[in-house]
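So the structure is just underneath, and the comments pick up after that.
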Amino acid sequence: MTSSPWSQRPYWTALIAPLALYLVVFLVIPFINIIFLSFYTYSPTHIWTTELTIANYVDLLDASFMTVLLRTLRLGAVCTVICVLFGYPLAYFLARASRRIALIGLFFLVMPLMVSAVIRTFGWLVILGRNGLVNSAITALGLDRLPLLYNESAVVIGLANVFVPFMVLPLMASIERINPALEEAARNLGASWFQTFRRVILPLSRPGLISGCLLVYSAAISAFVVPMLMGGARVRVIGRQIYDQLLISYQWPNASAIATLLVIATTCFAFAVLALTRRSARQEQGT
Amino acid sequence: MTTDKEQGSTPELEIRNLVKRYTAQSVVGPISLSVAAGEFVSLLGPSGCGKTTTLRCIAGFETPSEGSILLSGASIEQQPPNRRNVGLVFQNYALFPHLTVFENVAFGLRLRRVGDAELKQRVGRALELVGLPDLGGRYPRQLSGGQQQRIAIARSVVLEPRILLFDEPLSNLDLKLRLAMRKELRELQRRLGKTAVYVTHDQGEALALSDRIVVMSNGRIEQIGSPWEIYERPANAFVADFIGGSNLIDAIVIRVDAGATIIATDGGLTLRASPNTCSVGDRVVAMVRPERVRLIADGEAAVVNRLNARIKEVTYLGQDFHLSMDVLPEQDLTVVTRDGAARGLAAGDNVVVAVDAADVLVLSR
C-alpha cells in the first residue's frame, strides 16, 4: 500500500481530467441546478420558492407549448433531411476527390462556421429581406415581392446553411473508408450506378450518416439565433420559448422545465440512435 | 478446348488495336490479342506495363482511347460495366463487408431478380464448387484470406459470366496458400471450361496456370506464346530477362554455319550458339539459362563450348547451388546446378563448365 491509488490509474484519467473537471463545474452542476429549479414553485415576487411541485411540467401539456414543441421537432427533421440531400453528394465527392481538391472543398465547407452566427444570419437577411437581393431582382422583372423571411422556410434555409458541415464531415469520414473496389465489384456483378449506391455505399456509410443526422438534428432543435432573426415572432421555437420565459417573463421554473425536457429528449434520441449504430457495426463485424 | 481454336471459330475474346492514353508519356497499346473459348491466358509483366489497364478495359472500368474489344464477336466497349457479364476477381477480394458470405454470393443473382428457390440452389452450388459449403452465414471478416478469395471467385462464377477476369488474385496470400490456390484455380477453370484472362506479375503463376502467356512491358506486348515458348524461346532480351534466371551476354556474330552460329562475346569468349537468322557482324544478345550450364569433371572428354572459369561465390539453397563465376578471361556467369561436385567448391577455385550450343540462344537487341 505504498503507492497511492492515483498512480495506479490508467494514464487516460490524466488525459481526460482537465476537460471532465471543466464540464462538471460549468455544465453538469449548472444543469443539476436547472433540474432542481424546474421542480420549484414560481413566485411573482421572488421568481421562485423552494416548495417542490410538478406544475411546471404540467404546464407544458398546454396546447400552445405543444405547437412550439412540434414545430421545433419538425424544423429539426426538415433541416436534417435537407442537410442529407445536399450533404451526401458533397461528402461522396470530397471523399473520392484528390487530397488537394478535398482540402479546398473542406475549407469552403467549414467557412460558414468561422463567421459569427449573427453576422451570417444578417447576410441572409440582406439576401432574403423585403428589399433584399432576391426581391429586388423579382420586382425588377415586374413581379410581386415574395415573403422570403419570417416563415419556417426561412428558418430551415438558415439552419441548413450552418449545419451542412456537421452532416458532411462524419459522412465523408465514413465514405472514405469504403474501398472503391467494392463499387467496382458491385458494378461488375451487374449493379447499376443507383443499385451500387443503395446496396453498397449507403449501408456502408450508415455510421457516418447516423452521426451526421444526430449532430444536425440536436443542433437544429436547440438553435436560437437563426430562428429568432429569420423566423421572427411567428416561428417560435423551443430555444426562443426558453429565452422569453427566462428573460422576459421571469418564469424561471417553467423555463427550467422546458430546458430539462429538451435535454432529456435530445439525450434519449442520441442514445437510441447510437445504440442502433452500434448494433449495425457489430453486425458488420459479425460478432 | 484446343479443338475450338483449331476449328477457327470466332474467338471468345478479341482485342483489336486497343490503345489507352493517359498522358502523352503514358500510353498503353496498341494491343491486339485473341483468346479462344476455354483458354487460360495470362497477362504478365512488371508493374506499370499496362496489364491491369488492359484488364480494366475489358471489365469496363477504363474506356479505351482507340480500338475495340469483342466478346464472341460482338463489340462491348460501349457497354457499361454492369451490362458486360464478365466476372472480375479482385486482388483485395472486394467482398462486401456488410453482407454475409451467402449474400455476397447472392448479390448478382438478386440484382437479376432470380427466384428464392433457384437463388438458394445456385449459391449453394457455387459455395460447394469452391469447397466452402458451410460458411454461408459468416461475414467476410471472419474468413481467412484464402477463404475470402474463394468466396470472391464463387461470387463471380455463380453468375455464369462469359469470361473470367483475374486481377492478381493470389498476390495477397502467403506463399504456401498461393501455391495451393494456384492449383485449385486451374482445376476450377478447367472444370467450368470458362475462358480466363489472368493478370499477374508473378512469372511462376503465369507459367503454371496458363495455356498462353502475354508478356508485356511499357504498355506493349513483348511476346505471346505458350509457357514453354516464353521460357525456352524468348522473343527478345526483355522476355529472357523477365522470365526465369538468365545470363544475358552482349556479343557479335562472327560466323554463320549451316548448323550453328558462332559468336564472340564482349567478354572475350567464342561460343557456338543455336541456329538463327542473324548474319555475320550483327550485334546480338546471347542468352544462357543458369541451369543449362554443366560442371565438367577433370577427365571428361572435350565438348562444345568448354569454358574455364573461376568461382566467385557459392550459395547453397537446399535444392541447388547458385554459383557465381568469372569465365576467363572476363565474363560474368551465373550457374545453377544440382551436381554434388559443387559441394566442394569455394571462391577462387578453378572449374571447367560447358553449355550445349542449343542452349545458347541468340536474341536481337
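Read-outs: derived from the displayed coordinates by stated rules, not from any lab. On a predicted model such as this, the values are computed, not experimentally measured, just so you know. With ideal geometry, Cβ positions are generated from the backbone for all residues, glycine too; neighbour counts draw on all protein chains shown.
Things to note:
- Within the protein assembly as shown: Cβ-based charge dipole about Cα centre, in debye rounded to nearest 20 (Lys, Arg +1; Asp, Glu -1): 2100
- The loop-placed GluC sites (Glu not before Pro) in the stretch B:249-354, going by DSSP, that have at most 12 neighbouring Cβ atoms within 10 Å of their Cβ come out as B:Glu300, B:Glu330.
- Amide H contacts for B:Glu222 (H built 1.01 Å from N in the peptide plane; partners 5 or more residues away or on another chain; cut-off under 5 Å): B:Val215, B:Met216, B:Ser217.
- Most positive-pole-ward Cα, A:Trp252, A:Ser222, B:Cys278, against dipole of the protein assembly as shown from beta carbon charges: A:Trp252
- Here the residues A:Phe269, A:Phe224, ranked from fewest to most Cβ neighbours within 10 Å of their Cβ, fall in the order A:Phe224, A:Phe269.
- Summing charges over neighbours of B:Asn85, with a neighbour being any other residue whose Cβ is under 13 Å away from its Cβ, gives +4 when K and R count +1 and D and E count -1.
- In the stretch B:35-93, Cα pairs under 8 Å separated by at least six residues give a relative contact order of 22 percent.
- Cα-based reach from B:Lys120 at 23 Å (exclusive), listing lysines while leaving out same-chain residues under 8 positions away: B:Lys194
- Mean residue ellipticity (222 nm) of chain B, computed from DSSP H runs ≥ 4 via -39,500 (n - 2.57), nearest 500: -7000 deg cm²/dmol
- Euclidean distance between Cα centres, the stretch A:86-103 to the stretch A:39-75, Å: 45
- The calculated FRET efficiency for B:Glu66 paired with A:Ala140, based on their beta-carbon distance and R0 = 51 Å, is about 0.45.
- Length available on full extension from B:Asp202 to B:Ile254: 0.36 nm per residue minus the Cα-Cα distance, which gives 15.0 nm.
- Cβ crowding within 10 Å ranks B:Arg191, A:Arg96, B:Arg141 as B:Arg191, B:Arg141, A:Arg96, fewest other Cβ atoms first.
- Euclidean distance of C-alpha centroids, the stretch B:224-255 and the stretch B:282-308, integer Å: 16
- Here each label is just a point 7 Å from Cα along the line to Cβ, and for A:Leu15 and A:Met66 those points are 4.9 nm apart.
- About the Cα centre, charge dipole magnitude for the stretch A:140-215 (Lys/Arg +1, Asp/Glu -1 at Cβ), debye: 220
- Kyte-Doolittle at least -0.5, axis length at least 15 Å by Cα - qualifying DSSP helices, chain A: A:12-23, A:63-96, A:99-114, A:117-128, A:152-176, A:206-221, A:252-285
- Take the Cβ atoms of A:Phe122 and B:Asp116, set R0 to 56 Å, and the FRET efficiency comes out at 0.40.
- Extreme residue, positive dipole direction of the stretch A:59-130, given options A:Leu103, A:Cys79, A:Leu60 (C-beta unit charges): A:Leu103
- Mean Cα-pair separation over length for the stretch A:9-89, i.e. relative contact order, pairs under 8 Å, 6 or more apart, %: 14
- Computed over the stretch B:152-238, relative contact order equals 22 percent, with contacts defined as Cα pairs under 8 Å that lie 6+ residues apart.
- Within chain A: Cβ-based charge dipole about Cα centre, in debye rounded to nearest 20 (Lys, Arg +1; Asp, Glu -1): 780
- For the stretch B:216-230, 3J(HN,Hα) computed residue by residue from phi via the Karplus equation (6.51, -1.76, 1.60; θ = phi - 60°) reads 10, 7, 6, x, 10, 7, 8, 6, 10, x, 5, x, 4, 4, 4 Hz, glycine and proline entered as x.
- From least to most packed, judged by other beta carbons within 10 angstrom and beginning with the fewest, A:Met172, B:Met325, A:Met111 follow the order A:Met111, B:Met325, A:Met172.
- Lys/Arg +1, Asp/Glu -1 at C-beta; the protein assembly as shown dipole; positive extreme among A:Leu182, B:Leu345, B:Met325: A:Leu182
- Computed E for A:Phe26/A:Tyr243 - FRET, C-beta separation, R0 30 angstrom, nearest 0.05: 0.90
- Alpha-carbon centroid distance for the pair the stretch B:25-94 / the stretch A:248-276, whole angstrom: 59
- For B:Val284, distant residues with modelled amide H under 5 Å away: B:Ala251, B:Ile252, B:Val253
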